[in-house]
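Below is one structure, written out as structure tokens, with a few remarks after it.
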Amino acid sequence: MSMLSTIKSLTLSEISRLREMVEGPPTPDLVKAVECARRDWQLALKEADYIDSDLDEYVIFKINSAERRYMALLEQARKEGTCAWPELTQFSCADEFSADSGHRENEPVCTG
């Protein structure tokens, strides 16, 4: 019973620290990080429309840093092979057009 009373006395921060020691530090989802960086970059670009002339340099710095962070995360995702979209290998042109039906008008031509 002493073990149970010890566990009950732990605070939330101690529990999270123990979990981090066992599981390792939590890693953010790379796709979510890239999306968040993209939104930050877009917001920085929009902010340029509403700033005072005294803050020009600040907004330019903010835009450049947000863009660099976004590009760095994209590069990291590319190196890790992370993809935000499902693979397109399921789609093939053979499914759309059969050899005997020929090419139909008003339908897109599949070249790949």
How much length, in nm to one decimal, is gained on full extension between SER9 and CYS36, taken as 0.36 nm per residue of separation minus their Cα-Cα distance?
6.0 nm
Two-site FRET efficiency, GLU80 against ASP54, from Cβ-Cβ distance with R₀ of 41 Å, rounded to 0.05
0.50
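The numbers here are math on the coordinates, done by the rules we state, and not lab data. This one's a predicted model, so the numbers in the text were calculated from it and none came from an experiment. Backbone-built Cβ (ideal geometry, glycine too); neighbour counts: all protein chains shown.
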